[in-house]
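These notes concern the structure reproduced below.
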2 protein chains.
Amino acid sequence: MSYFDKPGVYITGIGQIKVEKVAELSLREMGAKAIRIAMADAGVEEVDAVYLGNMLSGMISHQQQLAPIVACEAGLKGVEAVTLEAACGSGGAALRAGFMSIMSGMCDTVVVCGLEKMSHSDKEFITQSIATASDWETEGGKGESFVTLNASLKRRYIDTYKLSSDSFAQFGINAHRNANKNPNALFHKEITLEDYLASKYIADTLRIYDASPICDGSAALILSKYPPSDKTRPHVKITASAAASEYVGLANRRDPLAAEGIQRSGMKAFKMAGITTKDVDFFELHDAYSIIAVLSLEAMGFAPKGEGWKLGEEQAIMLDGKLPISSFGGLKARGHPIGASGVYQAAEAYLQLTGNAGANKIVKDVNVGIIQSIGGTASSVFTHVLVSN
Amino acid sequence: MSYFDKPGVYITGIGQIKVEKVAELSLREMGAKAIRIAMADAGVEEVDAVYLGNMLSGMISHQQQLAPIVACEAGLKGVEAVTLEAACGSGGAALRAGFMSIMSGMCDTVVVCGLEKMSHSDKEFITQSIATASDWETEGGKGESFVTLNASLKRRYIDTYKLSSDSFAQFGINAHRNANKNPNALFHKEITLEDYLASKYIADTLRIYDASPICDGSAALILSKYPPSDKTRPHVKITASAAASEYVGLANRRDPLAAEGIQRSGMKAFKMAGITTKDVDFFELHDAYSIIAVLSLEAMGFAPKGEGWKLGEEQAIMLDGKLPISSFGGLKARGHPIGASGVYQAAEAYLQLTGNAGANKIVKDVNVGIIQSIGGTASSVFTHVLVSN
C-alpha cells in the first residue's frame, strides 16, 4: 500500500483569521470565516462534521449550542456539529474529537474549529468568567483569578529553585519576536530584556509580559482520512493524540510543579507516536503564562526539573534554537483567544511542517512537531504529534 | 470468533441518581455518585476516560472544565476528561464521544456521564440560561424562551393539520404513568385526561403537561470494547451512533415541522445499524415538549407527517403498545436535567434490553431500542441504536 492509500488522520488545510483585541465580525462570522478559509485551502466542499472548541460563549455571548450555529453560518447545515469544552484547552479537545471521529471510521473529512470572542464583554466579567476554569469552590469563588493562580505557581517555582523572579524573561521576548513576523498575531511589537525588566507587575512577581492577552480569534483545520489525491498538495499526518487530567484545584495536587497532567498526556503521546524527546524538532506549547511554558518543558522531558527556564536563557527556544517554541508568537504574543488557541497551534505547526511558515520558518529542517493545549493550570492536557510527509 | 471476543462498543454497567427538584448533593458530588454506581455495576475499577455531557455549569455554577472536576471527585484523577456541549442534547453528544473513543482504538473502557444541576439558581436566570440554546441573535435575545418556541411549533402543527390543541394529551399521560413506577423519576403522580384538560397553559396552547420540568440529576454508563468476561453479566451492544444538525433558529428552516435534523440523524443511524423502523421495539425519544415527541415519531418514519400524535391516541406508545416510548417516564416525567437526559435514556434502554426494567418493563420482548437526544428545537440530534445480547 502506498503512502497515499494509507488511512490515518491528515491535516489537509488550515484557516486562520487575525487575532484581534476587538474583532469586527460577530462570534459566528469569525468561526465561519476560519472554516471557509480552511475548506478552500484543502480544496474540499463537503465535510462530515464540525468539532468546535469554545469555552465562554454561553457565559459572555448568551450562545450555547455554538457548533451548529457556526456550522450553519459556514454553509454546512446538516452535518454533525458539537462543542468541546476544556477551558483554555478546548481547541486541543476539539482536535482530539476530530482525530477520534476519523480513527473510529465514523467520518472521512471533518472540520476542527477553535473560536473565542471576548472583547465585547466587561473586563471584570471576562476575568470572572475565565476563572470558572479554576476550581470554583476553592479558587475562583474565593477571589482567585488565573493571574493570581499562575503568580502563586511562579512564586513556588522561584522559591523552590532559588531563582531571580525575572528568570523567565526570554519566553516573553521570544514570543514577541516571532509574533512580530506573523500577520495573524495580535502583537506586532518586539520587546527587549530592558522592556521586560521595566514592565509592570500584575500579581506578585508576575509581569505583564509573563501573561497572555484577552483577545478574539478563530482558526480551523480540515482533517482527512487520506492524504490529498493531488500528491503535490501540502499535508501533515497526526501520529499521536493523547489527553490527561489532573486535579483542577492547585491545593489538591501532590506537587504542583510536577505538572502531572502534562507529563501523563505527553508520555502517552510519545508512546503512541513511537518517539522520544530527541525526535522532536519543535514544540508549540501552551505559554498562556511563562510559568506554564517552563513547567511544560520539564514535564515533557525537554529539561530536568527546575531547569526549564534555562532553555529560555540559552535561547534554545528561538527559531534558530534546538527546540523552537511559540514559533508564530505563541499564546503570549500571537494571542490567546481561549478556545481557539489549540487550533492556532495546529495550524502553525502545519505551516512549519509543510515548509510554508514564511518569515516564521524554523531555521533547521523540521519533520516532527508536538502541539499541546492546556485547560486551567494544567488540569486538562491535550497533546498531538504532527509529522511531515 | 465468538460473540465475546468481538470488539465493538458495549454498555456494561449503568448508574443513576434520583432526579430531584432540589438535589442535596453538590454538582460534582452528583456526577461522581452516578459514576461510582456505574463502575460498581460494571465491576470495573479503572477507566481510560470520562466524557461528560453538561450545558449550564459555566453559566449557573461558575464552573467550566467540569469533566476533570467530576472525574477527580469520582477518584479518577489522571484520566482523559472532557465536556461535551450540545444544549439539551449534551448527554447524547457525550455518549457519541465515548462510542468514538472506543471505535477509534484510543480507549478500552470509558465513563459517559450526563450531569445538570439547576435548582440553586434563580428561576428567571435559569430560563434565560436555557434560552442560550436558541439562536440568541434572533430568538433568545429577542425574548423567546424554549416554552414560547415550542408553543409556536405546536401552534404551527395544530393549525397545519387542523387539530384540537389537546391532541397531544396522551404523551404527558403516558410519561407520568411510567414515571410513577420509576424510583429515579422526579414525578410520582399519575395524571388523567381530565387532569390534562384542566391543567394550565404556559404559553399559547402549550399546557404545563406538554413541557418537561427544571430539575437536577446525573446518570452514567460504562462503555467497553468487549462484552464482560463473566458471560452472565448483563450488557447491550451499541450498533449505531449518528449525529446531525439543523439551523438553530426556527425562522431559518425550510419546514420546521419536517424536523430535518432528526430525520437526518435517524436515517444515518438506521443505515449504520442495518435496520428499518419495523425492527425497532421501543424508542426513548426526546420528549422535552410533546410537540418534539410527535415530530420525532414522524421524522423517524414511525408515523406519516401530521399523524405522529395518533400513536398517542391509539396508545401505541404505552408499555404494552407496539412502539413504547418514555418507558421510565421520559424527559416529561422522569425529568429533564438537561445535560443528563441523554444518558438517563441510555441507562433506561439498557435496563429494558437486559430484562432489568422491573415495574417499567415493556410488555413484549425487546431486542432493539433507539435512543435520541436533542439540543434546541431539534438543531443538534444524536441517535443511538442499542441491541440486546
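Among the residues of the stretch A:138-148, what is the count of those that are at the interface with chain B (Cβ under 8 Å from one of its Cβ atoms) and either crowded, with 19+ Cβ neighbours inside 10 Å or touching a residue at least 60 places away in the same chain (Cβ under 8 Å) (or both)? Let's see the steps before the verdict.
Of the stretch A:138-148, the ones at the interface with chain B (Cβ under 8 Å from one of its Cβ atoms) are A:140-141.
Next, from what is left, pick out any that are either crowded, with 19+ Cβ neighbours inside 10 Å or touching a residue at least 60 places away in the same chain (Cβ under 8 Å) (or both): A:140.
Adding up the residues that qualify gives 1.
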Please determine, by comparing only the residues of the stretch A:96-112 that are within 8 Å of another protein chain (Cβ to nearest Cβ) and not in a helix (DSSP H, G or I), which one is nearest to A:Arg36 (Cα to Cα). A:Met106
B:Gly15 passes all but one of the listed conditions (1) assigned to a strand (DSSP E or B); (2) of a type outside the set (Asp, Glu); (3) in contact with a Phe, Trp or Tyr (Cβ under 9 Å, 6 or more places away or on another chain); the exception is number (3)
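If I filter the stretch B:358-368 for residues that are of a type in the set (Gly, Ala, Ser), modelled with pLDDT of 95 or more and surrounded by fewer than 24 Cβ atoms within 10 Å (Cβ to Cβ), do I get at least one hit?
Yes, some residue in the stretch B:358-368 is of a type in the set (Gly, Ala, Ser), modelled with pLDDT of 95 or more and surrounded by fewer than 24 Cβ atoms within 10 Å (Cβ to Cβ).
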Which ones in the stretch B:40-49 are touching a helix residue (DSSP H, G or I) at 6+ places or on another chain (Cβ under 8 Å) and more than 8 Å from chain A (Cβ to nearest Cβ)? B:Glu45, B:Val47, B:Asp48
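Answer yes if at least one residue in the stretch A:298-314 is away from every other protein chain (no Cβ under 14 Å), aromatic (Phe, Trp, Tyr) and surrounded by 21 or more Cβ atoms within 10 Å (Cβ to Cβ), and no otherwise. Let's see the steps before the verdict.
Narrowing the stretch A:298-314 to residues away from every other protein chain (no Cβ under 14 Å): A:298, A:300-314.
Subset that is aromatic (Phe, Trp, Tyr): A:302, A:309.
Going one step further and asking which of them are surrounded by 21 or more Cβ atoms within 10 Å (Cβ to Cβ), we end up with A:302, A:309.
Within the stretch A:298-314 (the criterion being away from every other protein chain (no Cβ under 14 Å), aromatic (Phe, Trp, Tyr) and surrounded by 21 or more Cβ atoms within 10 Å (Cβ to Cβ)), the answer is yes, since at least one residue qualifies.
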Residue satisfying condition, being surrounded by fewer than 24 Cβ atoms within 10 Å (Cβ to Cβ) and either modelled with pLDDT of 95 or more or aliphatic (A, V, I, L, M) (or both), within set A:Ser101, A:Ser119, A:Ser57, A:Ser61: A:Ser61
So, of the residues in the stretch A:216-244 that are within 14 Å of chain B (Cβ to nearest Cβ) and not hydroxyl-bearing (Ser, Thr, Tyr), which turns out to be farthest from A:Gly261 (Cα to Cα)? A:Lys225
Being touching a strand residue (DSSP E or B) at 6+ places or on another chain (Cβ under 8 Å) and touching a residue at least 12 places away in the same chain (Cβ under 8 Å) narrows it down to one residue among A:Lys181, A:Lys117, A:Lys123; which is it? A:Lys117
Inspect the stretch A:160-167 for any residue being within 22 Å of A:Leu186 (Cα to Cα) and surrounded by fewer than 23 Cβ atoms within 10 Å (Cβ to Cβ) and give the result as yes or no. no
Could you list, in sequence order, all residues of the stretch A:271-301 that are among the hydrophobic types (A, V, I, L, M, F, W, C), farther than 26 Å from A:Pro337 by Cα and out of contact with any strand residue (DSSP E or B) (no Cβ under 7 Å at 6 or more places or on another chain)? none
Starting from the stretch A:254-276, take each residue that is within 13 Å of chain B (Cβ to nearest Cβ) and list its partners that are in a helix (DSSP H, G or I) and at pLDDT 95 or above, counting only C-beta distances under 6 angstrom and pairs at least six apart or across chains. A:Ala259/A:Leu295; A:Ala259/A:Ala299; A:Ile262/A:Ser296; A:Ile262/A:Ala299; A:Gln263/A:Ala299
Taking the stretch A:187-206 only, how many residues are in contact (Cβ under 8 Å) with a residue 24 or more places away in the chain, of a type outside the set (S, T, N, Q) and either more than 22 Å from A:Pro337 (Cβ to Cβ) or not in a loop (DSSP other than H, G, I, E, B) (or both)? 7
Pick from A:Ala67, A:Ala93, A:Ala32: which is more than 8 Å from chain B (Cβ to nearest Cβ), in a helix (DSSP H, G or I) and under 21 Å from the mean Cα position of the chain (by Cα)? A:Ala32
Tell me, which residue of the stretch B:187-214 that is crowded, with 23+ Cβ neighbours inside 10 Å and among the hydrophobic types (A, V, I, L, M, F, W, C) is nearest to B:His120 (Cα to Cα)? B:Ala211
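May I ask you to verify whether B:Phe125 is among the aromatic types (Phe, Trp, Tyr), closer than 23 Å to B:Leu27 by Cβ and either away from every other protein chain (no Cβ under 12 Å) or not in a loop (DSSP other than H, G, I, E, B) (or both)?
Against the criterion (among the aromatic types (Phe, Trp, Tyr), closer than 23 Å to B:Leu27 by Cβ and either away from every other protein chain (no Cβ under 12 Å) or not in a loop (DSSP other than H, G, I, E, B) (or both)), B:Phe125 qualifies.
The values are calculated or read from the model by the stated rules, or taken from the named source; none is laboratory data. Computed from a predicted model, the values in this text were never measured in an experiment. We place every Cβ from the backbone using ideal geometry, glycine too, and count neighbours over all the protein chains shown.
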